[in-house]
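K.L.:
The structure follows.
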């Protein structure tokens, strides 16, 4: 499984209130949440919602997804079209929520340090290789185990369970 897209770059401690502001939590509709994803990211020079395209990638520094444990945050990111999030570190509850809903995330300090806003990046989830096509550099993240790759392909834990139970 691979992802390829243009990078939106963010700094340290991007919390779930920045990812999806609390004022929009009255909806659980992924498409509605995506309309407001990263809306409050004040340190970004690019309007995320107006510029994100299917397949694009978020790269961040430390502690991405900190704050409250709402599932809405990774759902909004995934529904916006983001194919993957790469960061130095993730808040643990965000990490688990992202995996559960089928949003691939990778921890890779070297990639987070080097990749810049607007770079074109490709991620090979089978090998963990992250390729910055803009800079012609590669970085090594830990590849996903096979069971997690199956979960991502199915669309998350619930969708994978439905397949296993023959419901879908």
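K.L.:
Suppose the filter is on the phi < 0 side of the Ramachandran plot, over 16 Å from the mean Cα position of the chain (by Cα) and either surrounded by fewer than 20 Cβ atoms within 10 Å (Cβ to Cβ) or at pLDDT 95 or above (or both); does residue 138 pass it?
P.N.:
Taking the combined requirement at face value, the residue satisfies it.
K.L.:
Scan the stretch 147-168 for residues that are exposed (fewer than 13 other Cβ atoms within 10 Å of the Cβ) and either touching a helix residue (DSSP H, G or I) at 6+ places or on another chain (Cβ under 8 Å) or part of a loop (DSSP other than H, G, I, E, B) (or both) and report the count. Lay out the reasoning, then the answer.
P.N.:
Taking the stretch 147-168 and keeping what is exposed (fewer than 13 other Cβ atoms within 10 Å of the Cβ), we get 147, 164-168.
If we keep only those that are either touching a helix residue (DSSP H, G or I) at 6+ places or on another chain (Cβ under 8 Å) or part of a loop (DSSP other than H, G, I, E, B) (or both) too, we end up with 166-168.
Of the residues in the stretch 147-168, 3 are exposed (fewer than 13 other Cβ atoms within 10 Å of the Cβ) and either touching a helix residue (DSSP H, G or I) at 6+ places or on another chain (Cβ under 8 Å) or part of a loop (DSSP other than H, G, I, E, B) (or both).
K.L.:
For residue 144, only one of the following conditions fails: (1) surrounded by 15 or more Cβ atoms within 10 Å (Cβ to Cβ); (2) over 13 Å from the mean Cα position of the chain (by Cα); (3) at pLDDT below 95; (4) assigned to a helix (DSSP H, G or I). What is its number?
P.N.:
In the conditions (1) surrounded by 15 or more Cβ atoms within 10 Å (Cβ to Cβ); (2) over 13 Å from the mean Cα position of the chain (by Cα); (3) at pLDDT below 95; (4) assigned to a helix (DSSP H, G or I), residue 144 misses (4) alone.
For (1) in contact with a strand residue (DSSP E or B) (Cβ under 8 Å, 6 or more places away or on another chain); (2) in contact (Cβ under 8 Å) with a residue 24 or more places away in the chain, each residue gets a yes or a no:
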position: 4; (1), (2): yes, yes
position: 16; (1), (2): yes, yes
position: 19; (1), (2): no, yes
position: 23; (1), (2): no, no
position: 29; (1), (2): no, no
position: 34; (1), (2): no, yes
position: 40; (1), (2): no, no
position: 63; (1), (2): yes, yes
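K.L.:
Go through the stretch 116-168 and count every residue that is more than 20 Å from residue 54 (Cα to Cα), in contact with a strand residue (DSSP E or B) (Cβ under 7 Å, 6 or more places away or on another chain) and touching a residue at least 40 places away in the same chain (Cβ under 8 Å).
P.N.:
Residues that pass the stated criteria total 1.
The values are calculated or read from the model by the stated rules, or taken from the named source; none is laboratory data. No experiment lies behind these values; they were computed from the predicted model shown. So basically every Cβ, Gly included, is an ideal-geometry build from the backbone, and we count neighbours across all protein chains shown.
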